[in-house]
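The values are calculated or read from the model by the stated rules, or taken from the named source; none is laboratory data. Note that the structure is predicted; figures quoted are calculated from it, not measured. Every residue, glycine as well, gets a Cβ built from its backbone with ideal geometry; the counts of neighbours run over all protein chains shown.
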Amino acid sequence: DQHMPKQAAPSDWDLQGLADAVARDFNVRVDPKAWLEREPELEEQILRDRMVRAVTDAYDAKVARTGAPIMRHVEKDVMLRMLDQHWREHLGAMDYLRQGIHLRGYAQKDYRFEFKREAFELFSAMLDRIKYETSSLMSKIEVRTQEEIEREEEERRQRLMRALRAQHDEAGSILAGPEEGKDPRPGAPPTPLPLPPAAPHTTPFVRNERKVGRNEPCPCGSGKKYKHCHGQLSNFG
């Protein structure tokens, strides 16, 4: 009624807003504007019935794909949760109504009759919200089969193993460092190995005087053998 008020002319209907609301709340794409363009004489009730049928057909296809026993179990669970939530909200609204119902007497109204009337309206609104929100939630729920769960679990396990192997290879390459003579960048030319340092140039020692023998007289003129005189000093050197 928000997008198609009763007794309103078709030109006043918000068909785009209606299509967006159906897609948002029931996960079904409909195009009432195109329907009305193809059939200008389309009545309001027929248009409503078509949208309800589109939502119903989409849900029936989901039940056939998932399985009726599973969907019946999900429906019961969702309905109980909705009843519990909205019933608690309804009790709070009833307490609020009970606290202020006596004020109706100032308007010359029977507060007991007004309490019954407004309580019934609150109860009817609660039932409408439960039906609408339950239908909306069930239209959005996607129940996965056991085969789908196992397949997704296997894919997740494979992705995890690939990620772990990639981390292991990366950590190993970091610890090992680049190979000798190889640039770590992919596609780079090999780096030439450094040449060993050149040995320092040394001049060979050349003795300018004749070497004195150990048993020869010491050149100092002491008369002792060289090994008992200055030869002992050369041994310490």
Completion exercise
Exactly one of HIS73, HIS86 is over 23 Å from ASP14 (Cα atoms), surrounded by 15 or more Cβ atoms within 10 Å (Cβ to Cβ) and not assigned by TED's automatic domain parsing to the domain that holds SER11, and that residue is HIS86
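Kindly provide the set of residues from region 57-97 that are β-branched (Val, Ile, Thr) and over 25 Å from VAL30 (Cβ atoms), ordered by number. Break it down into steps so the answer makes sense when it comes.
Taking region 57-97 first, the residues β-branched (Val, Ile, Thr) are 63, 66, 70, 74, 78.
Scanning region 57-97 gives a single hit, ILE70.
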Handout entry: Hits in region 1-13 (condition: out of contact with any helix residue (DSSP H, G or I) (no Cβ under 7 Å at 6 or more places or on another chain) and surrounded by 14 or more Cβ atoms within 10 Å (Cβ to Cβ))
Key = TRP13
Problem - Conditions (1) surrounded by fewer than 14 Cβ atoms within 10 Å (Cβ to Cβ); (2) not in a helix (DSSP H, G or I); number of the one not met by LEU160 - result: (2)
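Could you say which residue among LEU91, LEU80, LEU47, LEU103 is farther than 30 Å from ALA8 by Cβ and modelled with pLDDT under 90? It would help to see each step written out before you state the result.
Numbers: LEU91 fails: modelled with pLDDT under 90; LEU80 fails: modelled with pLDDT under 90; LEU47 fails: farther than 30 Å from ALA8 by Cβ.
Result: LEU103 is the single residue among LEU91, LEU80, LEU47, LEU103 that is farther than 30 Å from ALA8 by Cβ and modelled with pLDDT under 90.
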Completion exercise
ILE130 vs (1) in contact with a Leu (Cβ under 9 Å, 6 or more places away or on another chain); (2) more than 25 Å from ASP57 (Cα to Cα): all pass except (2)
Exercise for the section: Return yes when LEU193 is at pLDDT below 85, in a helix (DSSP H, G or I) and exposed (fewer than 10 other Cβ atoms within 10 Å of the Cβ) and no when it is not. Expected result: no
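Residue-by-condition table, conditions (1) more than 30 Å from THR56 (Cα to Cα); (2) touching a residue at least 24 places away in the same chain (Cβ under 8 Å):
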site: ASP84; (1), (2): no, no
site: ALA93; (1), (2): yes, yes
site: TYR106; (1), (2): yes, no
site: ARG112; (1), (2): yes, no
site: LYS116; (1), (2): yes, no
site: VAL143; (1), (2): no, yes
site: GLU154; (1), (2): yes, no
Fill in the blank from the handout: For helices (runs of 4 or more DSSP H) lying entirely in region 1-102, having 3 or more residues that are under 37 Å from the mean Cα position of the chain (by Cα) and among the charged types (D, E, K, R) picks out 15-26, 44-66, 68-100
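For region 103-116, how many residues meet the condition of being part of a helix (DSSP H, G or I) and either acidic (Asp, Glu) or exposed (fewer than 13 other Cβ atoms within 10 Å of the Cβ) (or both)? Talk me through it step by step, then tell me what you get.
The initial filter retains those residues of region 103-116 that are part of a helix (DSSP H, G or I), namely 103-107, 111-116.
If we keep only those that are either acidic (Asp, Glu) or exposed (fewer than 13 other Cβ atoms within 10 Å of the Cβ) (or both) too, we end up with 103, 105-107, 112-114, 116.
So the count comes out to 8.
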Fill in the blank from the handout: Scanning region 20-55 residue by residue, the ones that are surrounded by fewer than 15 Cβ atoms within 10 Å (Cβ to Cβ) and polar (S, T, N, Q) total 1
